[in-house]
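Coordinate-derived values only; no laboratory data. Every value quoted in this text rests on a predicted model; they were computed, and no experiment measured them. Cβ sites come from the backbone with ideal geometry, for glycine too, and all protein chains shown count toward neighbours.
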Amino acid sequence: MENENYDIIVVGAGHAGCEAAHVAAVMGAKVLLITMDMTKMAQMSCNPAMGGIAKGQIIKEIDALGGISGIITDLSMIQFRMLNRSKGPAVWSPRAQCDRMLYSAEWRKAIELNNNIHLWQDSVNELKFENDRVCGVRTIMGADFNAQVVILTTGTFESGLMHVGKVKMIGGRISEPASLGITKQLSGYGIQSGRMKTGTPARLDGRTINFKLMDEQQGDDDIRRFSYLETRMPDKQLSCFITYTNEEVHEELRKGFNDSPLYNGTIKSIGPRYCPSIETKLITFGDRDKHQLFLEPEGWSTTEYYLNGFSSSLPLNTQYAALRKIKGLENAVMFRPGYAIEYDYYPPVQLKHSLETKQLTNLFFAGQINGTTGYEEAAAQGLMAGINAVQKISGKPDFILGRDEAYIGVLIDDLVTKGVDEPYRMFTSRAEYRILLRQDNADFRLTPKAIELGTANDERKRRFMERTRIRQKLLKQFNEEGISPFEANNMLKEKGTNEIRQKVKYAELLLRPQVTIFDLMNIVRSTNADFFEGESYENDLLEAIEIEFKYKGYIQREKLLAEKMGRLDTIRIDNGIAYDSLHSISTEGRFKLNKYKPQTLGEAARISGISPSDINVLLLYMGR
Ligand SMILES: Cc1cc2nc3c(=O)[nH]c(=O)nc-3n(C[C@H](O)[C@H](O)[C@H](O)COP(=O)(O)OP(=O)(O)OC[C@H]3O[C@@H](n4cnc5c(N)ncnc54)[C@H](O)[C@@H]3O)c2cc1C
């Protein structure tokens with residue numbers, strides 16, 4: 001393999017690297033995937049779960065685009081829940097508890113099944129350049145590989161430093177080495193870096209947990225797939241359990257504060273605000289006498305449990321003493337302690353929307369190294385970097401998703417135009433068009449693009465065509481056909497809503513909050529048997545159609561707004577504008593425009609600190 005020429009080298013087989021390598025290979029590129037440890041591909045470094053609020057939408061988008069994180073989530077699922085069911089469908093988010101080892105094993109299997117991917121277990125310590133163009137990598141074992149494109153996805157491993165109390169360990173994840181050398185080399189080429197930190201809780205031996213003292217949290221009866229393909233679903237589920245900290249636990253934890261690397265000044269980097277350590281929670285929410293904790297099973301064939309909510313880098317003894325004061329964990333035995341890790345990231349404003357670096361041609365960055373946190377955010381970037389790398393070497397245009405097309409579009413646009421000052425995770429509130437970006441319609445939004453790119457396989461195409469046909473059939477039927485009082489009134493009465501006096505369109509009845517598409521389908525089933533022609537319709541598709549009817553007004557409004565804002569994206573900004581001379585722009589506005597140099601007015605409008613009046617000044621200056 002040495003000195004062999006590849007189209008693309010992907011460095012690191014984490015969530016970003018696996019998606020990047022897989023999609024590039026599906027698109028026909030010859031890919032080398034180099035990773036430190038092939039037994040830890042797509043390893044879940046923290047909690048064994050995929051999806052959740054906004055993240056579930058991202059996985060469905062990855063799947064709709066031909067990525068495979070969704071398929072592998074389905075294959076390794078041990079529990080499913082649809083979060084936010086009680087709220088509007090714009091924020092419904094699927095979440096799966098996964099078997100950690102199975103998740104990794106299924107990823108490895110999928111990668112090995114693709115003949116376009118070569119695997120090599122080693123650590124890259126140097127990138128090769130010809131002038132400012134990347135052309136390959138070198139490894140610590142002295143191997144030397146050439147490629148047209150390199151995608152760097154080294155996660156939390158760049159200059160990784162772990163902490164447990166006063167103990168410091170160099171490494172990228174517990175018991176794994178760090179990646180050393182790349183940041184220093186890249187800084188010589190003008191790439192800036194910073195430090196971030198994250199942390200994880202202890203893992204416990206389930207045989208020593210008293211679950212009877214905890215509240216059980218079961219999965220939903222109605223399990224939904226993350227993938228639009230007909231993946232295998234679990235026929236049973238495992239439960240999670242809920243317990244709480246208490247004053248005694250807090251007292252034990254506080255005893256270790258002097259040796260806390262977070263609070264004695266050892267760790268200076270910024271951590272994820274929305275996944276705080278238990279010590280941070282005690283300080284930030286000092287008035288609370290308890291914090292909720294979840295015991296999450298790690299898989300079908302292990303007794304290990306993940307203690308969600310108890311992330312800590314306090315000394316080992318402190319963690320143990322506090323743990324034993326928690327209800328149900330009085331005799332708990334730890335398999336592994338909690339720890340924190342600091343690592344290098346590269347501020348993502350140095351990237352184009354394609355995730356190629358602005359300074360260095362054909363070098364792409366994806367995943368945690370771009371200042372994000374989370375498997376889903378990493379996988380999405382990996383997918384997009386992989387697609388864009390192939391587009392680049394094929395002489396095709398960049399593949400960029402708009403903010404109104406996908407959470408993935410919001411994610412990348414936020415990263416490259418606004419930058420990050422803390423680990424970035426996705427939330428529904430970051431998307432301005434969230435009624436368009438629902439988890440139920442990701443395939444209708446994105447699979448046509450996957451078909452065009454060549455990332456959708458035949459099965460995906462067939463399923464998509466079939467779902468499109470059924471959707472159109474039902475939209476037509478419900479919009480055009482009427483339902484009589486005789487057919488509808490029993491059901492309407494039962495649902496506690498007004499009966500009808502004359503025939504009305506099915507669509508009209510669906511606007512009523514009490515009436516679901518399943519109610520109407522039951523009526524269609526008894527009155528128009530021919531309609532079904534022996535077909536059965538999947539619940540998730542029916543639900544998606546119901547949402548389209550019920551939220552039609554909101555959907556149209558968001559589409560109009562997106563079109564309006566989209567026009568700002570077509571107005572390019574001349575790179576030579578001397579912002580400092582435009583005194584009508586606010587001081588912060590001028591500073592940010594100079595710093596980020598947006599390419600379009602749309603980009604400028606999305607930079608935090610740039611006001612609508614700053615945009616008006618720019619429009620006037622540009623004669624528009
Ligand atoms: C302790 C800890 C706690 C975390 N807590 C949270 C949390 O609370 N919430 C959350 O959302 N996320 C958390 N994460 C982050 C989550 O794990 C990452 O967001 C996600 O794994 C990033 O995916 P990635 O593909 O970018 O990198 P990773 O999953 O880190 O994968 C990087 C891969 O690259 C390989 N690699 C690295 N350097 C080299 C090299 N030089 N040569 C070859 N291979 C290399 C590694 O072996 C690894 O396989 C945590 C991570 C850690 C380590």
Worksheet item: If one computes P(r) from the Cα atoms of the range 458-555, what percent of pairs lie at distances over 18 Å?
Response: 47
Worksheet item: If the cut-off is a Cα-Cα distance under 25 Å, which lysines reach residue 128, setting aside same-chain residues fewer than 8 apart in sequence?
Response: 30, 184, 352, 358, 392, 396
Item to complete: Once you have all Cα-Cα distances for the chain, histogram them in 10 Å bins from zero and send the whole-percent values.
Response: 3, 15, 24, 25, 19, 11, 3, 0, 0
Fill in: Cβ-based exposure ranking for 622, 44, 77, 141, in which fewest neighbours within 10 Å come first
141, 622, 44, 77
Response to the item:
Least to most buried among 63, 414, 287, 574, by other C-beta atoms within 10 Å and fewest first, runs 287, 574, 414, 63
Worksheet item: Expressed as a rounded percentage, what relative contact order does the range 500-611 have, with Cα pairs under 8 Å and six or more residues apart?
Response: 21
Worksheet, complete the sentence: Excluding residues fewer than 8 positions from residue 418 in its own chain, the aspartates and glutamates with Cα under 18 Å of it are 356, 377, 404, 432, 569, 588, 603, 614
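Tell me, what is the FRET efficiency for residue 335 and residue 301 to the nearest 0.05, using R0 = 22 angstrom and their Cβ-Cβ distance as r?
So, using R0 = 22 Å, E works out to roughly 0.90.
In what order do 98, 135 fall by count of nearby beta-carbon atoms within 10 Å, going from fewest to most?
Ascending number of Cβ neighbours within 10 Å: 135, 98.
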Worksheet item: Can you list the GluC sites (Glu not before Pro) in the range 178-284 that are in a DSSP coil and have 16 or fewer other beta carbons within 10 angstrom?
Response: 230
Worksheet item: Considering the zone a paramagnetic label at residue 283 would reach in this model (a point 7 Å from Cα along the Cα-to-Cβ line), which residues of the range 326-363 have amide N under 18 Å from it?
Response: 339-343
Worksheet entry | Cα centre as origin, Lys/Arg/Asp/Glu Cβ charges: the range 458-555 dipole, Debye | 300
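How high is the relative contact order of the range 570-621, in percent, counting Cα pairs under 8 Å that sit 6 or more residues apart?
Computed over the range 570-621, the figure is 41 percent.
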Practice prompt. Please find the FRET efficiency linking residue 320 to residue 486, where r is the Cβ-Cβ separation and R0 is fixed at 51 Å, and quote it to the nearest 0.05.
Written response: 0.15
Worksheet entry | Dipole of the range 458-555 [Lys/Arg +1, Asp/Glu -1 at C-beta], most positive-end residue of 506, 553, 465 | 553
Discussion item. Cut-off 15 Å, label point 7 angstrom out along Cα-to-Cβ of residue 582: give me the residues of the range 411-427 whose amide nitrogen falls inside.
Written reply: none
Worksheet entry | Charged-residue dipole, Cβ positions (Lys, Arg, Asp, Glu), the chain about Cα centre, Debye nearest 20 | 1040
Worksheet item: What are the lysines whose alpha-carbon lies under 20 Å from the alpha-carbon of residue 559, with same-chain residues fewer than 8 places away excluded?
Response: 449, 550
Worksheet item: Kirkwood hydrodynamic radius (Cα pairs, Å) of the range 570-621?
Response: 10.6
Practice prompt. Once you have all Cα-Cα distances for the range 277-327, histogram them in 10 Å bins from zero and send the whole-percent values.
Written response: 21, 51, 23, 4, 0
Discussion item. Can you give the longest run of the chain that contains no chymotrypsin sites (Phe, Trp or Tyr not before Pro) sitting in a DSSP loop with at most 12 other Cβ atoms inside 10 Å?
Written reply: 286-624
Practice prompt. Place a +1 charge on the Cβ of each Lys and Arg in the range 64-135 and a -1 charge on the Cβ of each Asp and Glu, then give the dipole magnitude about the Cα centre in debye, rounded to the nearest 20.
Written response: 560
Worksheet, complete the sentence: Per the rule of 0.36 nm per residue minus the C-alpha distance, extending residue 560 to residue 472 adds in nm 29.4 nm
Worksheet item: Which shape class, rounded, prolate or oblate, goes with the range 392-447 when its Cα gyration tensor gives a ≥ b ≥ c as root eigenvalues, a/c under 1.5 marks rounded, and past that a/b bigger than b/c marks prolate?
Response: oblate
Worksheet item: In percent, what relative contact order does the range 350-459 have, based on Cα pairs under 8 Å that are 6 or more apart in sequence?
Response: 23
Fill in: FRET efficiency, residue 572 to residue 457 (Cβ-Cβ, R0 45 Å, nearest 0.05)
0.75
